[in-house]
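Written out below as structure tokens is the structure these notes cover.
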Amino acid sequence: MELWVAITFAAAFVQNIRSALQKYLKGAMGTTGATFVRFGFGVPFALLFLAIAVAALNLPIPQVHPTFFLWVVLASIAQILAQALLVHLFSFRNFTVGTAYSRTEPAQAALFGLLFLGELVTLGTLIAIAISVFGVMLISVARTAFSTKALLLSVTSRTALIGLASGTLFGVSGVSYRAASVSLGGPHAVIQAGTTLAVAVVFQTVVMSIWMALREPEEFARIRKAWKPALLVGLAGATASFGWFTAMTLQQAAYVKAVAQVEMLFTFAASVFIFKETITRMELAGCALIVCGVAALVLVV
């Protein structure tokens, strides 16, 4: 197994934990606050990871430059907006369709990788990505009244368009983070990823702090009251992002995002083995497609 694949698996597992912790925090604070802790409480851990990487590898922090900052700003803003759109979907009764379409992120990352960075993918890679994406979409709607046919025919609905927009922004974010990290040109993928992560989370923390101060100042008090679980969210979020950034420094964002679909398998496994929920045929089919798509992708890369 290639290093970037192993790192992606680990990052997907940790991200699943972070998502569960953020859902818990939603009971103690609003959506903005629960989103903020991912970045704000992740700052000390991101800086710590970078310091450990520099000390362990005995290599310097790369010199940043305007192009690097441009990519980081684009990626950071796209990520915040993508998350906001995804959260907004939950206000709709049929949000599952939109959520499913947001999972087209890997396919869109392949497109933006081509447009932004000139990165090509093979036909075999596109087929593998399509298989895994469709598997995730099946799982997303498996427990609703929607059929696969209805899902495909609903592409022009409002929720579908919001989901596609979220997936687009996530795709832009992933490709831009890769561009930022790669633009540093060394000295090591781990240090490049750590530098990119540190700059990104600091920028995102500043942006969201200003937004909350102007629009939702009451969130700061709620965040202070829930600082202990928020700290865990920051740790899990920074750890997962460090993994994503390292993997995307080593490999194209589209490949990493496609393999990262295994996160849905972790979520599905938790619902079955921990919460003892029943399994539907569509969910089993979706899991099988994800496994096949990811396995095919790993083989063709």
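The values are calculated or read from the model by the stated rules, or taken from the named source; none is laboratory data. Keep in mind the model is a prediction, meaning the values are calculated, not measured. Every residue, glycine as well, gets a Cβ built from its backbone with ideal geometry; the counts of neighbours run over all protein chains shown. Please note that ligands, DNA and RNA were not included when accessible areas were found on the heavy atoms of the full protein model with its side chains. Shrake-Rupley method; radii C 1.70, N 1.55, O 1.52, S 1.80 Å.
Just the residues that are more than 13 Å from Lys257 (Cβ to Cβ) and touching a Phe, Trp or Tyr at 6+ places or on another chain (Cβ under 8 Å), please, taken from the range 177-188. Of everything in the range 177-188, those that are more than 13 Å from Lys257 (Cβ to Cβ) and touching a Phe, Trp or Tyr at 6+ places or on another chain (Cβ under 8 Å) turn out to be Ala179, Ala180, Ser181, Ser183, Leu184.
When Val14 is tested against (1) crowded, with 21+ Cβ neighbours inside 10 Å; (2) more than 30 Å from Leu297 (Cα to Cα), just one condition goes unmet, and that condition is (2).
Only residues that are in a helix (DSSP H, G or I) and either open to solvent by 20 Å² or more (accessible area, probe 1.4 Å) or modelled with pLDDT under 95 (or both) were counted in the range 52-106, giving 34. For the range 240-262, filtered to residues that are under 12 Å from the mean Cα position of the chain (by Cα) and open to solvent by 20 Å² or more (accessible area, probe 1.4 Å), the residue that is farthest from Val301 (Cα to Cα) is Phe242.
When Val199 is tested against (1) modelled with pLDDT of 95 or more; (2) open to solvent by less than 10 Å² (accessible area, probe 1.4 Å); (3) of a type in the set (A, V, I, L, M), just one condition goes unmet, and that condition is (2).
Considering the range 14-51 alone, what residues qualify as being closer than 18 Å to Glu216 by Cα, of a type outside the set (D, E, K, R) and assigned to a helix (DSSP H, G or I)? Answer for the range 14-51, where residues must be closer than 18 Å to Glu216 by Cα, of a type outside the set (D, E, K, R) and assigned to a helix (DSSP H, G or I): Leu25, Thr31, Thr32, Gly33, Ala34, Thr35, Phe36, Val37, Phe39, Gly40.
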